[in-house]
Each structure stands twice: as C-alpha cells, then as structure tokens.
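Undergrad: Can you keep this structure in mind? I'll have questions shortly.
The values are calculated or read from the model by the stated rules, or taken from the named source; none is laboratory data. The shown structure was predicted, so the numbers you read here are calculated from the model rather than taken from an experiment. Glycine also receives a Cβ, built like all others from the backbone with ideal geometry; neighbour counts cover every protein chain displayed. Accessible surface areas use protein heavy atoms only, side chains included; no ligands, DNA or RNA. Shrake-Rupley method; radii C 1.70, N 1.55, O 1.52, S 1.80 Å.
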There are 2 protein chains.
Amino acid sequence: MKLDIVLRAEDISPKELKGKTAVAIDVFRATTTIITALEKGCRSVIPVVSIEEAEKKKEELLASGHGVFTAGERKGLKIPGFDLGNSPQELRDVSLKDKIIILTTSNGTRAIRNSEGADRILIGAFINCRAVAEVLASKYGDVIFVCAGRLGEFSLEDFLAAGAMTYYLRKKTEQALEISDLTAAAEKLFECTKGDLLGFLGKTKHGKYLKEIGYSRDIDYCCTLNTSSIVPEYAEGEIKI
Amino acid sequence: MKLDIVLRAEDISPKELKGKTAVAIDVFRATTTIITALEKGCRSVIPVVSIEEAEKKKEELLASGHGVFTAGERKGLKIPGFDLGNSPQELRDVSLKDKIIILTTSNGTRAIRNSEGADRILIGAFINCRAVAEVLASKYGDVIFVCAGRLGEFSLEDFLAAGAMTYYLRKKTEQALEISDLTAAAEKLFECTKGDLLGFLGKTKHGKYLKEIGYSRDIDYCCTLNTSSIVPEYAEGEIKI
C-alpha cells in the first residue's frame, strides 16, 4: 500500500490520481466544516469553485424544492449575500437537517474538485483522521493525500493532518506501508506534536490570520483530534456520508 | 530575520533570492563532499552542470598549470573517466592539498548554480550545520535554504538539514526569527529526530538507494552533526572557504 502527499491543490496531476484513493484535506477550515455539517444531518455538500456558480446552483436547487444554504469565504470572511460563512463553530447554532449546502472556499473546494480522477475521494481533517485511517485500512488501495495549501503556498496544518492519518493507518493495518519521504516527514512530525497540536499550529501563518479576523474558536475546534467518526465521500459533484 | 525553504532546486526563482543569503543543501552527498574536500585542503571546488563542461574546464585549468580532479556522479555512481566520484568517505584517502575539484552531480551542483542571484551562497550539510547557523546569526540578512531535492522530488535529508540550521540559529541569535510554515515544520522535525538522524534518514528513498549501491559508510558520515566548522561560499563560479 503506497502513500504519498501532494502539498498544494495546484500540484495534482490526473496521472498521479488514477487508480488511487484521494483524501482531500483543508483543516483550516473547509474540510472541517464539511465533516461538521454532515454530522449535523445536512443532506449533502456541493463544492463549487466560484461565487457565481454557487448562486446559480442555489437557484436551481430551490426551484426543484430543496432546502439550500450557500456557504463559504473569501480571505477567511463570509461572502456577502451568502447564508453561511466557512466557520465550523458557527454551524453549531444552525439547523442543517436535510439541507443542501453549496460551499465555495479559497482553497479547500479546489482541492476536492482537483482530486477528480481518483477512484474515490474522501474528506479528511483532524476531527476525523482516525476514522479516515480506518476506511483506508479496509480498502487496501494506494493513497494520495491532497493538501489544499493556502493561496498556492504550503499549509502546515494540512500536511500534519496527512501525517496523522498515516500514523493511525499504521496502527490499523497489517499491510506493509510504502510511504514517500514527504509522508514519512509528516507522520514523524505528527507523532512529535500530537500532544500539543494547538500550540504548534496556532503559530502558523494561517492560524495567526484566522485569530486576527476573530476565529480563534475555529482554530481550537479544527485542531481537535478524532471527535468525529464519519468519513464523507465526494462523488458526482456531491459530498455525502 | 526571515527564513524560508525551497524544496527542490528547480523551484527557485531569482526574485525570491534577491537580497538574501542562500544556503545550498545536498546532504546525500554533494554539499557534504564539498565541505569535506575543502577541509582537506583542496583549493576550490567548481560546480558544473554537465560532464562535458567538467571535461572542458579540466583541460583549461591543466593548461594553465593547476592540479585538477574531475569528480561527480550519475545515478550515484562515479562517472566513467572521472578522477573521483561523489563520495565524501572516498576523499579520505586522496591527497587534495591545493587541488581544484571540478564537480558535477545529479542534484547538488544544480542547487548551487540555481542559487545565483542571492547576495551570498553558502554551502551547508549536517556536518557543518551549527557553523552555518553561526555565520547566518552574524550577518542578520534574510535566508533561503535551497534544498537540492532528488531527481525533481522532495528530499527529506535536505529538508531536515535546513531544520537543523534553523534550530541552531535560534540558539545563536537574539534576533526575532520570522519563519515560514515549511521552516517551522523542518525545525520541529529536526528537534524530534536529532537523537537518531541515521535511523530516521537511513530509511529514506535516497538513503536506501545509496546503501544498495554500496555507500552505507557515506550515509553514516553524512548524517553526523557538526564535525566541521567551515562554511564554504560560492562566488564567481568557485566554492572556497
């Protein structure tokens, strides 16, 4: 079983994805938001790349009688006119039962859409990393962790979450793991920092930015390990459990 | 004082280098070889990209009365017709006093040449990482660690050496360090693995390959910390102390 990591959504090539399971990761905050929304009973999340695409999709779904929310951010902030932002903590107070969420974010939705071409696309974050590892262990296919990155740059929190999934996978499977050097670095780094993820990741560029714009509680929540046991999957344009 | 890492020699842009100190790193084995050669009294090392360039340069230097060795590798093995390979351990038995070495390797010499555009280019490896940190601490300029990578891929040993230099720099300077997320990852990873570098790096793709082709002793040597106190510098086509 081979494991590798792609550091930025832009770097994925369809050739690399073929025949593999992709795990799309955007810890701060898209994939954490998606997992949280589905856990709260939301029917599905539809990732779209642009604001225009989100608004058009909402009209279509409303016309066919669905309950729909638009959600997303630009520069971390809620998009004007949208129903929701991209804050998993803010979802706590919203009733999402059977709703469809149309989500557009700066990095995460791109990582998911760019993973098309893989055999299956799972949605991962710290909150469900052990659950993702369990699914990977039961399927035995090669894996590529697709880190969203941040505005085209390396994202430490996504890299570390890929390391976390590798760490738990090693505990869950008896299969030999053939891991790339990048994956070995991520796994070891997770092993060293798992006791204080928040301390380590709170100092990252993205962590500091989110605190500045008032989302400290999101950082705390996104850095919590294994509070969720669901592993959403993206197929045919929709993310579902 | 800002610190950043470039993961592969191919990824450097002249814009990023401007006004900075570059540290070229190819732990397995080019920069370790260069430091070792200069420590043994070699007059200078001239990094060239192609075999043809090396042979042409040798003829020129011989004609002007210099003592010259060609050195280098392709696929880790000594280049046919060359005087030396790229093995720091093999240099131990060779008299290098006042000799000029013309070196061409698969990754390292490219990292050095591609760093042209920086204000100064230092040569770093594990064997001199504390010494590099001391030089960086005394100069106060922004730093970019240029990892050679391996055949266009991520190289864990180079990344970790950049982390080692950051780790020692933090101990040597009172300046505030403004480090990128990638540098933070490398520094933390070094902190966690410095007690058993050989165990961690011996399992890398490059480490395993070098063992397979008979260079286990090089791996041991290249993973040794701070045995050298020299910091070679590349300027005007030559590397000197």
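Undergrad: Hand me the list of helices (runs of 4 or more DSSP H) wholly inside the range A:1-90 holding 2 or more residues that are open to solvent by less than 50 Å² (accessible area, probe 1.4 Å) and hydrophobic (A, V, I, L, M, F, W, C).
TA: Passing ranges, in order: A:30-39, A:51-63.
Undergrad: I want to confirm something. Restricting to the range A:224-241 and keeping residues that are small (Gly, Ala, Ser) and open to solvent by 50 Å² or more (accessible area, probe 1.4 Å), which single residue is nearest to residue B:200 (Cα to Cα)?
TA: Filtering first and then ranking leaves A:229.
Undergrad: While we're looking at this one, here's another question. So which of A:133, A:148 ends up being more than 10 Å from chain B (Cβ to nearest Cβ), out of contact with any Ser or Thr (no Cβ under 7 Å at 6 or more places or on another chain) and open to solvent by less than 30 Å² (accessible area, probe 1.4 Å)?
TA: Testing whether each residue is more than 10 Å from chain B (Cβ to nearest Cβ), out of contact with any Ser or Thr (no Cβ under 7 Å at 6 or more places or on another chain) and open to solvent by less than 30 Å² (accessible area, probe 1.4 Å) leaves just A:133.
Undergrad: Restricted to the range A:191-207, and to residues that are more than 10 Å from chain B (Cβ to nearest Cβ) and assigned to a helix (DSSP H, G or I), which residue is surrounded by the most Cβ atoms within 10 Å (Cβ to Cβ)?
TA: A:197
Undergrad: Sticking with this one: Looking only at the range A:173-190, filter to residues that are among the hydrophobic types (A, V, I, L, M, F, W, C) and open to solvent by 30 Å² or more (accessible area, probe 1.4 Å); which one of those is farthest from the chain's Cα centre (by Cα)?
TA: A:176
Undergrad: For the subset of the range A:153-172 comprising residues that are more than 21 Å from residue B:157 (Cα to Cα) and open to solvent by 20 Å² or more (accessible area, probe 1.4 Å), which member is nearest to the other protein chains (Cβ to nearest Cβ)?
TA: Among those that are more than 21 Å from residue B:157 (Cα to Cα) and open to solvent by 20 Å² or more (accessible area, probe 1.4 Å), it is A:153.
Undergrad: Taking residue B:91 as the residue in question, decide whether it is of a type in the set (A, V, I, L, M), within 14 Å of chain A (Cβ to nearest Cβ) and touching a Ser or Thr at 6+ places or on another chain (Cβ under 6 Å).
TA: Spelling it out, it is not the case that residue B:91 is of a type in the set (A, V, I, L, M), within 14 Å of chain A (Cβ to nearest Cβ) and touching a Ser or Thr at 6+ places or on another chain (Cβ under 6 Å).
Undergrad: Right, something else. Taking only the range B:208-223 into account, find how many residues are surrounded by 14 or more Cβ atoms within 10 Å (Cβ to Cβ) and over 13 Å from residue B:35 (Cα atoms).
TA: Selection size over the range B:208-223: 9.
Undergrad: Further, regarding this structure: Within the range A:99-130, work out how many residues are more than 23 Å from residue A:83 (Cα to Cα) and surrounded by fewer than 19 Cβ atoms within 10 Å (Cβ to Cβ).
TA: Going through the range A:99-130 one residue at a time, the tally reaches 4.
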